[in-house]
Amino acid sequence: MRKLVVLFVLFIAISAIAQPSQFARGADISWCTEMEAGGMKFYNLDGEETEIFALMKQIGMNAIRLRVWVNPENGYGPWSNKADVLAKARRAKAQDLDLMIDFHYSDYFADPGKQTKPAAWEGLSFDELKEALASHTIDVLQTLKDEGIEPKWVQVGNETSSGMVWEDGRIDWNLPDNERWLNYVALSNAGYDAVKSVLPNAYVIVHHDNAIHDNVWYYQAFKQYGGKLDMIGLSHYPDWDQWSQTNTTAAANLRKLHNQFHVPVMIVETGYSTWDESRAENVMKDLFEKMTKEEGCVGILYWEPEVYGGWDAPLLLEDGTWQPGTNGTYGENVVSHGAFNAYGQPAPALLVFGDDSSVITEVYQDSSAPERLFNMQGMQVDDNAKGVIIIQKGNQATKVLRR
């Protein structure tokens, strides 16, 4: 009987750490299907080819972010449309990874410098535009829900610090306060209400592009003119030289937002050049150390870490044509924030994103017993195993990262 109790206690202890952490540790890997179609492969720390979502889970992540474009087929290709997002969401669900959906409300990347209206929405009245935005949101989310996939978080717009769906939803700084916010807020709320009609329990995120700015004023105005949100999302790309200071500033600004609006805040995008892998690892360690101390911070997601080997997406040129992917378009030569090494394996900066919750101690077992190793799913593994490993010996169980 005593032996059964001992085994039960050990099982509970090992299983407990396999449960997803409340703190979201994850990545936006939206480019993965496009990369795979081009022949790119991904490998674990042993050099074994590994399905990318399984690899994210294997290194200890618990969340995935996927962007959605309206009709990217208009020029870019069949990537990040509804069908592509559904295919990736199925893979995330198969690995029991929490899911964030990031609506760009564009046919291509939306950011502070461009919030291009989808081609299909040109010529619509403002009321028709709100309806189209809501219908698109509902269509994508209902498609996921019908497959048993319910995103935990939904962004209504990507980096909307200058509004979205230009020109209708642009925040025009030349207008008086009571006019400049109205259209953007109306569009954002149309997205919010659409999300809630399908997923009433999802957190709806309004996303600002720069965590090192004090953005309290932005969200104050957004709320003042009727804006709805459940969570604040921030992008944070640490400075190359002053990375520690920018991490400190981002954490302080996150704290201000949480204290002012009493909602959770997440770093929904981060990254750092891995030209110097050791430096990049230290930057991400510093970011996690500072952000996990903030009561209001609920997660950190790396943006497109799977980029490696000079892979580049096509580039939309100013004349409206597309340049095929070549070194220097996106990939590591310009974005340079990919966190895989040259062999297609997770680099040290990405391994920081693995679950590092407190180690297990005082698990009862006969002290003469040999050392045993377990993976994060509680299965016993051999001594050559790499990644996040539980080493259990005697009455101690310790979590380590083996490379």
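Kindly indicate which of Val206, Val195, Val165, Val216 is surrounded by fewer than 22 Cβ atoms within 10 Å (Cβ to Cβ) and aliphatic (A, V, I, L, M).
Working: Val206 fails: surrounded by fewer than 22 Cβ atoms within 10 Å (Cβ to Cβ); Val195 fails: surrounded by fewer than 22 Cβ atoms within 10 Å (Cβ to Cβ); Val165 fails: surrounded by fewer than 22 Cβ atoms within 10 Å (Cβ to Cβ).
Val216 is the lone residue from the list that is surrounded by fewer than 22 Cβ atoms within 10 Å (Cβ to Cβ) and aliphatic (A, V, I, L, M).
Criterion first (under 15 Å from the mean Cα position of the chain (by Cα), over 22 Å from Tyr203 (Cα atoms) and not in a helix (DSSP H, G or I)) does Gly60 satisfy it?
Spelling it out, Gly60 is indeed under 15 Å from the mean Cα position of the chain (by Cα), over 22 Å from Tyr203 (Cα atoms) and not in a helix (DSSP H, G or I).
Name the pairs whose Cβ atoms lie under 7 Å apart, with the first residue in segment 57-80 and under 11 Å from Arg25 (Cα atoms) and modelled with pLDDT of 95 or more, the second open to solvent by 10 Å² or more (accessible area, probe 1.4 Å) and of a type in the set (Phe, Trp, Tyr), and 6 or more positions between them or separate chains?
Listed by first residue and then by second, the contacts come to nothing, as the list is empty.
Is there any pair linking a residue in segment 282-295 that is under 18 Å from Pro348 (Cβ atoms) to one that is of a type in the set (S, T, N, Q) and surrounded by 17 or more Cβ atoms within 10 Å (Cβ to Cβ), with Cβ under 7 Å and at least six apart or on different chains, and which?
Asp286/Asn247; Leu287/Asn247; Leu287/Thr270
Looking at segment 270-289, is at least one residue among the charged types (D, E, K, R), at pLDDT 95 or above, within 19 Å of Met231 (Cβ to Cβ) and under 19 Å from the mean Cα position of the chain (by Cα)?
no
Looking at segment 35-51 only, could you name the residues that are within 19 Å of the chain's Cα centre (by Cα), surrounded by fewer than 21 Cβ atoms within 10 Å (Cβ to Cβ) and under 14 Å from Tyr308 (Cβ atoms)?
Matches in segment 35-51: none.
To keep it simple, each residue is scored yes or no on (1) modelled with pLDDT of 95 or more; (2) touching a strand residue (DSSP E or B) at 6+ places or on another chain (Cβ under 6 Å).
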residue	(1), (2)
Arg2	no, no
Val6	no, no
Leu10	no, no
Gln19	no, no
Gly26	yes, yes
Gly38	no, no
Asn44	yes, no
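Report yes if Ala92 is closer than 30 Å to Asp168 by Cα and part of a helix (DSSP H, G or I), otherwise no. Walk me through how you get there before you give the answer.
Numbers: closer than 30 Å to Asp168 by Cα: no; part of a helix (DSSP H, G or I): yes.
Criteria not met by Ala92.
Exactly one condition in (1) closer than 20 Å to Arg67 by Cα; (2) open to solvent by 30 Å² or more (accessible area, probe 1.4 Å); (3) part of a helix (DSSP H, G or I) is false for Thr249; which is it?
Evaluating Thr249 over (1) closer than 20 Å to Arg67 by Cα; (2) open to solvent by 30 Å² or more (accessible area, probe 1.4 Å); (3) part of a helix (DSSP H, G or I) leaves (1) as the failure.
Just one of the numbered conditions (1) at pLDDT 70 or above; (2) open to solvent by 10 Å² or more (accessible area, probe 1.4 Å); (3) out of contact with any Phe, Trp or Tyr (no Cβ under 7 Å at 6 or more places or on another chain) is not true of Gly354; which one?
(2)
Given Leu86, Leu66, which one is outside any loop (DSSP other than H, G, I, E, B) and surrounded by fewer than 21 Cβ atoms within 10 Å (Cβ to Cβ)?
It is Leu86.
Looking only at segment 313-336, how many residues end up being buried (at least 21 other Cβ atoms within 10 Å of the Cβ) and modelled with pLDDT of 55 or more?
Result for segment 313-336: 1.
Regarding segment 120-137, can at least one residue be identified that is under 18 Å from the mean Cα position of the chain (by Cα) and of a type outside the set (Asp, Glu)? Walk me through how you get there before you give the answer.
Going through segment 120-137, the residues under 18 Å from the mean Cα position of the chain (by Cα) turn out to be none.
Within segment 120-137 (the criterion being under 18 Å from the mean Cα position of the chain (by Cα) and of a type outside the set (Asp, Glu)), the answer is no, since none of the residues qualifies.
Check Met284, Met291 and return the single one that is touching a Pro at 6+ places or on another chain (Cβ under 9 Å), over 26 Å from Met164 (Cα atoms) and open to solvent by less than 40 Å² (accessible area, probe 1.4 Å).
Every option except Met284 fails the conditions.
Report, by residue number, each residue of segment 100-128 that is open to solvent by less than 10 Å² (accessible area, probe 1.4 Å) and either of a type outside the set (A, V, I, L, M, F, W, C) or over 17 Å from Ser162 (Cβ atoms) (or both).
Of segment 100-128, the ones open to solvent by less than 10 Å² (accessible area, probe 1.4 Å) are 100-106, 110, 115, 118.
Within segment 100-128, Met100, Ile101, Asp102, His104, Tyr105, Ser106, Gln115, Pro118 qualify.
Step by step: first the residues of segment 262-278, then only those that are open to solvent by 40 Å² or more (accessible area, probe 1.4 Å), touching a residue at least 24 places away in the same chain (Cβ under 8 Å) and not polar (S, T, N, Q), then the one that is nearest to Lys152 (Cα to Cα). Which residue is that?
So the residue we want is Glu277.
The values are calculated or read from the model by the stated rules, or taken from the named source; none is laboratory data. Since the model is a prediction, treat every value here as computed from it, not as a measurement. Reconstructed Cβ throughout: ideal geometry from the backbone, glycine too, with neighbour counts over all protein chains shown. The accessibility values were calculated without ligands, DNA or RNA, using every heavy atom of the protein model including side chains. Shrake-Rupley method; radii C 1.70, N 1.55, O 1.52, S 1.80 Å.
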